[in-house]
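Participant: This structure is in structure tokens; I'll ask about it shortly.
The values are calculated or read from the model by the stated rules, or taken from the named source; none is laboratory data. Everything quoted here is computed from the prediction, not taken from an experiment. Because the Cβ atoms are built from the backbone with ideal geometry, glycine has one as well, and the counts that use them run over all protein chains shown. Calculation scope for accessible area: heavy atoms of the full protein, side chains included, ligands and nucleic acids excluded. Shrake-Rupley method; radii C 1.70, N 1.55, O 1.52, S 1.80 Å.
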Amino acid sequence: LREHEEFTKVKNIATIELGRYEIETWYFSPFPPEYNDSLKLYFCEFCLNFMKRKEQLQRHMRKCDLKHPPGDEIYRSGTLSMFEVDGKKNKVYGQNLCYLAKLFLDHKTLYYDVDLFLFYVLCECDDRGCHMVGYFSKEKHSEESYNLACILTLPPYQRKGYGKFLIAFSYELSKKEGKVGTPERPLSDLGLLSYRGYWTRVLLDILKKHKGNISIKVSLPEYFKLLEPLQFLLWATDLIWELSDMTAIKAEDILTTLQSLELIQYRKGQHVICADPKVLDRHLKAAGRGGLEVDVSKLIWTPYK
Ligand code: ACO
Ligand code: ZN
């Protein structure tokens, strides 16, 4: 299968129909060969089964009794709901979701082993049902402390804050697990932009509350200068660990975020984290809108065992 994928990386399916949207695809996705001669696929928006012809979908919709993703509703706030789907209990759904997602994800390998993943599917609900907006997947057990494998907001819903909501949600789950987390690499350009924005907003909001502390000083014993600065800071900066504890963001991600904003500075033999409110506000403005908030009181969830 992998070889087949390598040979036919050319985009195959040009458009899909999903709920009330017709969506142009972005990338190749390795649908089973019998679908490869279709330019357009028709998805059932609830079970994500896909078909080659509109009439097949219409017939399917008459008998499909799902009105939301199969799985547990673990969050509801207003019209937004989040469903947790276990890839082992709902294998076909998990695979369908991967086929669909790959149409918009360039660099990700498709995991056929959906057993090992949980899928968190975000929906906008109305009287016709719960309509998928986006999702993220998460390994049930990650050695590398990944708290998110793949993230997608369907194109008609992009740039409305759902991506930030999904990212925030993944960190709320990590907090409930009492773990720090990080997204699986590599990140796409849009993925990196969204994460950078999220990290910046969360961290700078906290730093702003350190009022009065214009800079948090970290003393640098002479011999640590021999270490790579990054290594040293990881080792030494209590504040970074503290931030990590509060946010469930992995220390490395905190460091690279603060470094990319040039907030870690070397002054008079010391590394300091700049917490000048004016500087922070400028960065916060540039980081964009806050997006949709996760209301933690509406999350009813226990970690996967
Ligand atoms: N152009 C410029 N900036 C953008 C764009 C864009 N097209 N899209 C997102 N951003 C940036 C902006 O800073 C934006 O904040 P702002 O709107 O306040 O300025 C921020 O990212 C996030 O915006 P959201 O509306 O919260 O995110 P969205 O719902 O659009 O979802 C996502 C972001 C999931 C990355 C989406 O673009 C997507 O699904 N892309 C295709 C799949 C993908 O690349 N996924 C990430 C792969 S990496 C991984 O899975 C671990
Ligand atoms: Zn269906």
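Participant: Given H placed 1.01 Å from N in the peptide plane, which residues other than close sequence neighbours of VAL133 have an amide H under 5 Å from its amide H?
Facilitator: Answer set, sorted by chain and number: LEU122, CYS123, GLU124.
Participant: Given N residues in the stretch 1-107, what is Rg(Cα) / (2.2 N^0.38 Å)?
Facilitator: 1.13
Participant: Same structure again: Among 149-158, 55-64, 76-85, how do they line up by average Cβ neighbours within 10 Å per residue, starting with the highest?
Facilitator: Numbers: 149-158: 20.5, 55-64: 12.3, 76-85: 18.0.
So the peptides 149-158, 55-64, 76-85, ranked by packing, come out 149-158, 76-85, 55-64.
Participant: Given 0.36 nm per residue, what is the gain on full extension from VAL296 to VAL92 after removing their alpha carbon distance, in nm?
Facilitator: Additional length available on full extension: 70.4 nm.
Participant: For LYS40, go through the aspartates and glutamates and keep the ones whose alpha-carbon is under 14 Å away, minus same-chain ones fewer than eight residues off.
Facilitator: Partners within reach: GLU17, GLU22, GLU24, GLU55.
Participant: What is the dipole size for the stretch 72-157, taken about its Cα centre, with +1 at each Lys and Arg Cβ and -1 at each Asp and Glu Cβ, in debye to the nearest 20?
Facilitator: 160 debye
Participant: What FRET efficiency comes out for TYR304 versus GLU262 if R0 is 45 angstrom and r is the Cβ-Cβ distance? Round to the nearest 0.05. Working shown, then result.
Facilitator: Values: r = 39 Å, r/R0 = 0.86.
My answer for the efficiency is 0.70.
Participant: What does the accessible area of SER145 come to, in Å² to the nearest 10, when a probe of 1.4 Å is used?
Facilitator: 40 Å²
Participant: Modelled label-to-label distance, LYS285 and GLN56, 7 Å Cα→beta-carbon offset: nm?
Facilitator: 5.4 nm
Participant: Which aspartates and glutamates does LYS209 reach when only Cα atoms under 14 Å apart count, and residues fewer than 8 places away in its own chain are ignored?
Facilitator: Counting by Cα, and skipping residues close in sequence, LYS209 has these aspartates and glutamates nearby: GLU242, ASP276, ASP281.
Participant: Related question: Give me the distance between the Cα centres of the stretch 169-189 and the stretch 115-155, rounded to whole Å.
Facilitator: 12 Å
Participant: My understanding is that a pair violates if its Cα-Cα distance is over 23 Å; which of LYS160/LYS285; LYS138/LYS179; LYS54/LYS88; LYS108/LYS298; LYS52/LYS108 do that in this structure?
Facilitator: LYS54/LYS88; LYS108/LYS298; LYS52/LYS108
Participant: Return the distance in nm (one decimal) between the two label points of a simple spin-label model at ASP113 and CYS64, each offset 7 Å from Cα along Cα→Cβ.
Facilitator: 2.9 nm
Participant: Using all C-alpha to C-alpha distances in the stretch 35-168, build P(r) with 5 Å bins and read off the rounded percent in each one.
Facilitator: It works out to 2, 10, 19, 23, 22, 14, 7, 2, 0, 0, in whole percents.
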